[in-house]
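Notes follow once the structure below has been shown.
The values are calculated or read from the model by the stated rules, or taken from the named source; none is laboratory data. In this text, all values refer to a predicted model and were calculated from it rather than measured experimentally. Backbone-built Cβ (ideal geometry, glycine too); neighbour counts: all protein chains shown. These area figures cover heavy atoms from the full protein model, side chains too; ligands, DNA and RNA do not enter into them. Shrake-Rupley method; radii C 1.70, N 1.55, O 1.52, S 1.80 Å.
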Amino acid sequence: MIRSETFQWKIGGEAGQGIKVTGQMFAKMCARHGLNVVGYSEYPSLIRGGHNTYQVLASRKMIRAPRKPVDLLIALTPETIAGHFRELGRLSTVIYDAKQLPVPPRQKGVRWRAVPFEDLAVKAGGSKVMRNTVALGATFAMMGCDFGVLKDILEETFRSKGEVAKINVAAARLGFDYIHEHYGDAGVVCPISMKPRKDHMVLTGNDAIALGAIAGGLQAYFAYPMTPSTTILTALSAQQKDYNMVVRQCEDEISVINEAIGASFAGARTMIGTSGGGFSLMVEGLGLAAITETPLVIAECQRPGPATGLPTWTGQADLRFAIHSHQDEFPRVVLTPGDVEEAFFYTAHALNIADLYQVPVLILSDKYLSEGDWSQPMFDASAIEIHRGAMITTPAKATEKYARYLSTRTGVSPRSIPGVANRRFVANSDEHDVHGWSSETHTDRIEQMRKRFRKLPGLLRVTPNPKRFGGATADLTLIGWGSTKGAMLDAMEQLKQHGEKVNVIHVPCVWPFPTPWMQRLWDQTSKTLLVEGNYSGQFGSLIAEHLHRSPNAMFLKYDGRPIYPEEIVAKARELL
Amino acid sequence: MKTLPLQKSSFESPHFPTWCPGCGDFGIWAALKNALTALGYSKDETVIVYGIGCSGNMTNFMDVYGFHGLHGRPIPVATGIKLANHKLPVIVIAGDGDTFGEGTNHFLHACRSNADITVIVHDNQIYGLTTGQTSPTSEQGTVSKTTPLGSAERPLHPLALALTAGATHVSRGFSGDIPFLTTLFQRAIQHKGFSFIDVFQPCVTFNKVNTYAYFRERVVKLQESGAAAPNNRVKALEQVFDTEHLPIGVFYEEDIPAYHEQLPQLKEKTLLAHAPKKRNISKLLQQLT
């Protein structure tokens, strides 16, 4: 039996059949046994029915993005087979319930393994919904794994649900035994070498953002539920008591941003979260934060639009929106983490940047990063520091003439908070003078505009720079920002394995646009391929604007699906 | 919190009001300063959040910690401030356009959540600062720049909205009766929970219907009219629809926990007082393995 290094498992069924829970259990189990995992789910915008999938790419090697080809497909519904047979190859296996699909379609090389999911679930004393657990048991048998591993994770997942845990274990056992009894050794189709391993986490991008915020000293979080940002709100809600945070769901996104600005003005370290449509409603408040110089961090988890768009799918089409939104002009930061590690550390960093520079800081994620499950060595959060910047809480003498919006060399002026004696000021949505009093004079206007923009050089220094991976010289350079990092790196590795000289430039902060670093990196490229998830190549237009250059080609995807490494490889081959 | 003696002149800013002479805003401004003085709140401890309009221009005329927000949005800003530091009195100064046009959703939800803030609405039934359009509280038939044929819509009823949305302190005043308004402000600010006070505020420049004379003919004190029912929400609702008179006074008040009082993390300390120097999340990271 040849043990494989990498394989992809995928389960499909209807909403309400426990597809996601099953998938996440499987991902976690793999991670506990020395495999790196990438979990990716697809689901439509409904609660019951429809077609949901969850796929886990597992490997002993480093993997950073899901792939299309499926090695083991678990079909809880006929739609799963119809919908995904194109992803199957000559060595793929499909486990399905013969009750649902008496005659499987013909496909060269694909192995069909009928397992009576429903009957076994009922036999175990459970309901139909436990078909997914039976399927998980069958999976483990097919991977040549020890049942004990699955038993542990089932007991852990259903720990708080009493009898349910026992029945799930029984159901899984039946599925496991069925494969061994009916298919013997031929049942082990995806043998993979597994060794127990501790200290690897499996987490979503939103888990990373929530944890990064808590580690970074978050005190108040406001949000309105909107896919794919909602799980930040639920994660923080669960921790509000332990970490003494106020976590609040407001009536709408306009209230979210205004309440957040109020809390921050009064001295609380504050963040909000939403998706593109919610951010549209927050845009009015963005400028309020900017003109009052109230620190604010905004997590914007992108999904395709316009309008309601594709609520449960992914995209990278809010780039220009994030950079330009709101009337008139002011400095802001737009961070674009490429993976869960960057999402974690940059969120903590964002809270510092916001406080240090008293500007709005956006963190752009997307459904693919936010809701995907990614394995990762345990974060070392010990180095995370909480900096409140120039916030003063000590009283002034009555004779001192404190000026909140004093025009300083750095553009940042010390900020007091309500309650501090003799440091009163007005935070004003109107243009204002150094004390915050509304002012329409041309001198006050010029002074305050220049003061706000004077923060830019500092922001450029404190934000993460574009990074090159894979060596300084290459025939082709892949360029991208945000969550395409993993797919580009995996594509680069695949191309290198075939002798191609390829490297990657990833941009983890798109604004302020890192012109000097991009220029330097660009100058060392020969051919360039821009990879991003929007229709018009928005980052490409930023390159044109700031570097006066164009990439040789662009791979643009806007169908709501992630960018797969093999797609990048195919496009790259056209250029090499 | 009390730091007597204070004078109402303590709140004076370097800016003299730009309101039209005779504007009802002057009466509200005076009553507010009187009330804060009587309650003993210092300039440093008082937070006022202003909306946009002539009323919002009070921003420049009060020397306190001020927040001049966006049109329609002072209420959520005030809610956020209170959550960060619930020891401070947080007062909203807004207009009928802010509260019953642009920001009505925020008003209703602040009533229902019982946010511990005091919302004072300068209700002049017109849009003054934008030079004379109808407002959501203008009477049907009002002729204005945008309704030359007379407004086709009926007005919202601020007190009724507050009562049905669950506000725990609902009152109404008249800017032409400063002493009474002062006592109403004191009661509203002291009330623990959401306080709403609608103030009749004649706009001498753009509203030629709801004038001082108009109000003097109709305004009557609730207690005097014998109709006060401050503990009965439904009875209070009946009273607000009184078309013969325009009663002023406290229509309704009840004592239930404010929003922030229901958060266990704010029981002992303010959110600010909990500010961490460092956070330990090892337990949370471990749970992900």
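Summary of values
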quantity: Sites excluded, GluC sites (Glu not before Pro) in DSSP loops with at most 14 other C-beta within 10 Å, longest stretch of chain A; calculated: A:6-328
quantity: Using a Förster distance of 25 Å, the FRET efficiency for A:GLU181-A:LYS108 (Cβ separation, nearest 0.05); calculated: 0.35
quantity: Relative contact order of region A:439-576, pairs being alpha-carbon contacts under 8 Å that are 6 or more residues apart, as %; calculated: 27 percent
quantity: Residues with amide H under 5 Å from that of A:ARG269, placed H, sequence gap 5 or more; calculated: A:GLN219, A:ALA220
quantity: Distance (nanometres) between label positions extended 7 Å along Cα→Cβ at A:LEU91 and B:ALA30; calculated: 9.1 nm
quantity: Most mobile of B:VAL234, B:VAL119, B:VAL64 in a GNM of chain B (Cα contacts under 10 Å); calculated: B:VAL234
quantity: Gyration tensor (Cα) of chain A, equivalent ellipsoid semi-axes in angstrom; calculated: 48, 28, 19
quantity: DSSP loop GluC sites (Glu not before Pro) with at most 10 other Cβ within 10 Å excluded, longest remaining stretch of chain B; calculated: B:1-243
quantity: Kirkwood estimate for chain B, i.e. one over the average of 1/r between Cα atoms, Å; calculated: 19.7 Å
quantity: 20 Å cut-off, amide nitrogen to a point 7 angstrom out along A:LYS161 Cα→Cβ, residues in region A:110-146; calculated: A:117-140
quantity: Protein accessible surface hidden between A and B, which excludes ligands and nucleic acids, total in Å², probe 1.4 Å; calculated: 5100 Å²
quantity: Within chain A, longest stretch free of exposed chymotrypsin sites (Phe, Trp or Tyr not before Pro) [DSSP loop, at most 16 other beta carbons within 10 Å]; calculated: A:1-534
quantity: Solvent exposure, largest accessible area first (probe 1.4 Å, DNA, RNA and ligands not counted), of B:ASP98, A:ASP119; calculated: A:ASP119, B:ASP98
quantity: Non-local Lys pairs in region A:427-576, i.e. 8 or more apart or on different chains, that have alpha carbons under 27 Å apart; calculated: 21
quantity: Stretchable slack from A:VAL462 to A:ALA553, in nm (0.36 nm times residue separation minus alpha-carbon distance); calculated: 29.6 nm
quantity: Heavy-atom accessible area ranking, 1.4 Å probe, most first, across A:ARG573, A:ARG454, A:ARG86; calculated: A:ARG86, A:ARG573, A:ARG454
quantity: Inter-chain shielding of A:242-254 (mean C-beta neighbours from other protein chains, 10 Å cut-off); calculated: 5
quantity: Paramagnetic label zone (point 7 Å from Cα along Cα-to-C-beta, A:ASP252; backbone N under 17 Å) in region A:205-237; calculated: A:223-226
quantity: Taking chain A and dividing mean pair separation by its residue count, relative contact order in percent (alpha carbons under 8 Å, at least six apart); calculated: 12 percent
quantity: Cα-based helix-to-principal-axis angle, B:74-84 vs chain B, degrees rounded to 10; calculated: 30 degrees
quantity: Taking all pairs of distinct alpha-carbon atoms in region A:328-403, Kirkwood radius in angstrom; calculated: 15.2 Å
quantity: Accessible area, probe 1.4 Å, largest first, for residues B:HIS109, B:HIS245, A:HIS498, B:HIS169; calculated: A:HIS498, B:HIS245, B:HIS109, B:HIS169
quantity: Full-stretch length increase - B:HIS274, B:ASP255 - with 0.36 nm per residue and alpha-carbon distance subtracted; calculated: 4.1 nm
quantity: Loop-resident sites, region B:214-268, for trypsin sites (Lys or Arg not before Pro), counting at most 15 other Cβ within 10 Å (DSSP); calculated: B:LYS267
quantity: Amide N of region B:53-77 lying under 15 Å from the label point, which is placed 7 angstrom from the Cα of B:CYS20 along Cα→Cβ; calculated: B:54-55
quantity: Mean residue ellipticity (222 nm) of chain A, computed from DSSP H runs ≥ 4 via -39,500 (n - 2.57), nearest 500; calculated: -11000 deg cm²/dmol
quantity: Region A:23-123 - convex hull of the alpha-carbon atoms, volume per residue in Å³; calculated: 124 Å³
quantity: Region A:164-254: relative contact order as a whole-number percent, Cα under 8 Å and 6+ apart; calculated: 23 percent
quantity: Those lysines that a straight Cα-Cα span of less than 18 Å connects to A:LYS401, excepting residues fewer than 8 apart in one chain; calculated: B:LYS43
quantity: Residue among B:PRO276, B:LEU163, B:HIS71 farthest towards the positive dipole end of chain B, charges placed on Cβ; calculated: B:PRO276
quantity: Options A:THR274, A:ILE446, A:ILE192, ranked by Cα towards positive dipole end of chain A, top entry (Cβ charges); calculated: A:ILE192
quantity: Most positive-pole-ward Cα, A:TYR346, A:THR408, A:LEU356, against dipole of region A:328-420 from beta carbon charges; calculated: A:THR408
